[in-house]
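The values are calculated or read from the model by the stated rules, or taken from the named source; none is laboratory data. All of these numbers come straight from a predicted model, not from anything done at the bench. Glycine gets a Cβ as well: all are built from the backbone with ideal geometry, and neighbour counts include every protein chain shown. These area figures cover heavy atoms from the full protein model, side chains too; ligands, DNA and RNA do not enter into them. Shrake-Rupley method; radii C 1.70, N 1.55, O 1.52, S 1.80 Å.
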Amino acid sequence: MTEQSTRAGNGKGRRRKRPPTRRRALGVAAWTAAGVVALGGVGLGYVYVKFNGNLKSVDIDAALGDDRPADVDNGSMDILVLGSDSRSGANGEYGADDGGSARSDTAMIVHLYEGHKKAAVISIPRDTLVTRPSCATDGGGTDPGGRRQMFNESFTVGGPACAVKTVEKMSGIRMDHYLEVDFTGFKKIIDKLGGVEVTTTKPIKDGASHLDLAAGTHKLDGEQSLGLVRTRKSVGDGSDLGRIQLQQAFIKALIKQVKSIGVFDDPKRLLDVADTATKAITTDRKLGDVKSLMGFAAGLEGIEPSGMQMVTLPVGADAADPNRVVPLEKETGLIWAALLRDRPLPAAALETGAKGQAEGILK
């Protein structure tokens, strides 16, 4: 039996070592927001109650029980980051109202290496066909899952717990945490940060995302940022893989912006950002209070954009449906094995697979 299968089959394991006390890109906006929230609470105990009331959390551990991969005590940490795009309520302007049905068009596994100075971010294309495990549904029933199911339907079927379960079954890696943010929250976070500066090497004009940018440097507000990370048809080969490449470039620009704009030196602005961020994100239960979120975010401070390796899960076109993709078994296996051992992603796993042809459009 391989190390990966041993871990996947054992629901009980040792806890990871505590890290040193020191995202469409919707999902990783939540990760960045966690860092903002951390500094927002320092020395300001009176805001704890307010921010705790803002936070929403889900108990992933209770929902999944022992049917999970074993935890590995190597100092690393794995986080599933999702972007939720239900088009009901305030999100209705981005498409027809779906009756409140939540969807996740962005999914990223963020692996923090031991010491939390470097990270690997693996984007999972939403149309990837996977074997979805059975999941509890909101109505109290059970969805049986099955083979050749679209990855992003896991969230629709069974919410955060089903999304986590699907990722853990396909990778053999236990997710330590869960973070989620929606359309409206993403826009508000960007606006409170004062926008994000990006440079486009080519014009981007996309009717579906309402984005019209000339080539050059732009300071994007929340609405424009959301349009950018939703853009697909007008960049690269028009596929979701091209959109992922845009998202990955935007994430690095966003993290750089948070570290450079001086928001931490402006108490009022900082509180506004923290208030908005805590309203925008949903976390797992272990991060569902400001104190825990602060401790988690402190472990992200040492990661610079240059220390983040951002890749897309190696996939190829599905033989039966050209609108879907399937994981390349050998290459994805190499990626999961590297993360399990807290090792760098092997180049051999990243050289093949479909590409979105949008790399370099945003810098």
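Here are some notes:
- Unique match (being more than 19 Å from the chain's Cα centre (by Cα) and under 26 Å from Lys169 (Cβ atoms)) among Arg324, Arg269: Arg324
- Residue under evaluation Gly236, criteria (1) under 30 Å from Arg68 (Cα atoms); (2) modelled with pLDDT under 90, criterion not met: (1)
- Just one of the listed residues (Glu223, Glu168) is open to solvent by 30 Å² or more (accessible area, probe 1.4 Å) and not aliphatic (A, V, I, L, M), and it is Glu223.
- Among the criteria (1) modelled with pLDDT of 95 or more; (2) open to solvent by less than 20 Å² (accessible area, probe 1.4 Å); (3) in contact with a Leu (Cβ under 9 Å, 6 or more places away or on another chain), the one Arg147 does not fulfil is (2).
- Whenever a residue of the stretch 177-191 is in a strand (DSSP E or B), its partners that are open to solvent by 30 Å² or more (accessible area, probe 1.4 Å) and not hydrophobic (A, V, I, L, M, F, W, C), lying with C-beta atoms within less than 7 angstrom and at least six residues away or across chains, give the pairs His177/Lys286.
- Residues of the stretch 271-278 include at least one that is in contact with a Phe, Trp or Tyr (Cβ under 7 Å, 6 or more places away or on another chain) and within 18 Å of Leu82 (Cβ to Cβ).
- When Thr231 is tested against the conditions (1) modelled with pLDDT of 90 or more; (2) over 21 Å from Ile109 (Cα atoms); (3) open to solvent by less than 10 Å² (accessible area, probe 1.4 Å), the lone failure is (1).
- Contacts under 6 angstrom Cβ, first residue in the stretch 47-74 being of a type in the set (Gly, Ala, Ser), partner surrounded by 14 or more Cβ atoms within 10 Å (Cβ to Cβ) and at pLDDT 85 or above, 6 or more apart: Ser57/Thr283; Ser57/Arg285; Ser57/Gly288; Ala63/Ala161
- Of all residues in the stretch 129-144, those satisfying the criterion of being part of a loop (DSSP other than H, G, I, E, B), at pLDDT 95 or above and open to solvent by less than 70 Å² (accessible area, probe 1.4 Å) are Pro133, Ser134.
- In the stretch 171-220, residue surrounded by the fewest Cβ atoms within 10 Å (Cβ to Cβ) [restricted to those that are farther than 25 Å from Leu112 by Cα and among the polar types (S, T, N, Q)]: Thr217
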